[in-house]
Amino acid sequence: MQSSVEASKKIAAYRAVDEYVKNNTVIGIGSGSTIVYAVHRLAKRVQDENLDVVCVPTSFQARQLIVEHNLKLGDLDIYPELDCAIDGADEVDNDLNLIKGGGGCLLQEKIVASCAKNLVIVADYTKNSKKLGEQYKKGVPIEVVPMAYVPVMKKIENHFGGSVTLRMATKKAGPVVTDNGNFILDWQFPDKNIDWPAVNQQLLLIPGLIETGLFINMAKKVFFGMLDGNVKEQP
């Protein structure tokens, strides 16, 4: 039997695809477990409604999902402007600030999202917070050049506080390596009352830091699948 969390992921993903995917559009396809449901729904709609939709992936996982479902695969070289991107999130606050990158795909996810007219987030009820850090306890993912990971860790801790760790792989020896050949740091920030737009800008100035998992002023709409079977929309 499907768990309540999985069921809530599914209803949120289906709602987003039904409301935002139109014929003759180019759609960014995000990464993670919730997006699996979105791709299932998209493939069904393409088949049933004979839609012409091009899908641009944010990761190797997303690319595989697109190919496995016989959807039309595109890339940013050919389609640098997207009508919509549908993606998941690790946490969403009341201001639609997002933490993303728990799965390690934040750089490509942010690039694709930045090319889309609308970034639509699908998530289950456990990702809904008033402030970042209430629900997601693993910190902010940060992608770094491998040679710079120690200096970047020290600079973040010295300037912003908290603690930073190098994300280690679970089925191989050594650190997680992203699709781009980089490392991932996880920053446990010291408190929840943070000016996220300002902090994000300051983090991006650190040499060797490639991208943060903070998605600020990017999401147009968030669909949360709720325990009672309804979908909560934000804003």
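The values are calculated or read from the model by the stated rules, or taken from the named source; none is laboratory data. Being a predicted model, the structure only gives us computed values, none of them experimental. Ideal geometry is used to build each Cβ from the backbone, glycine not excepted, and the neighbour counts take in all protein chains shown. Protein only, heavy atoms only, side chains kept; ligands, DNA and RNA dropped before computing areas. Shrake-Rupley method; radii C 1.70, N 1.55, O 1.52, S 1.80 Å.
The label point for Glu134 and the one for Asn50, both projected 7 Å from the Cα toward the Cβ, are 4.8 nm apart. Gyration tensor analysis over the Cα atoms of segment 136-231 returns equivalent ellipsoid semi-axes of 25, 19, 13 Å (largest first, whole Å).
Once you reduce segment 44-100 and segment 139-170 to the center of their Cα atoms, the two points are 29 Å from each other. Stretching the chain fully between Leu227 and Asn23 yields a gain of 70.3 nm (0.36 nm per residue, less the alpha carbon separation). A 1.4 Å probe over all protein chains sorts Tyr136, Tyr149 by accessible area into Tyr149, Tyr136, starting with the largest. Note on segment 49-169: Rg/Rh from C-alpha atoms, Kirkwood Rh, equals 1.02.
Using C-alpha pairs under 8 Å with a sequence gap of at least 6, the mean separation divided by the residue count of the chain gives a relative contact order of 24 percent.
Across Ser3, Ser8, the residue with the most accessible area heads the list, and the full order at a 1.4 Å probe is Ser3, Ser8. Could you tell me how many cubic angstrom of Cα convex hull volume the chain has per residue? Cα-based convex hull of the chain, divided per residue, equals 129 Å³. Just to be sure I understand the curve: with the Debye formula and one point per C-alpha of segment 1-89, what is log10 I(q)/I(0) at q = 0.11, 0.15, 0.22 Å⁻¹? With no solvent term, the Cα-only Debye profile gives -0.27, -0.49, -1.06. Here the chain has 52 percent of its accessible surface on carbon and sulfur atoms, given a 1.4 Å probe and all protein chains in place.
Measuring nothing but how far apart in sequence close Cα pairs (under 8 Å, 6+ apart) lie, relative to its length, segment 56-130 scores a relative contact order of 37 percent.
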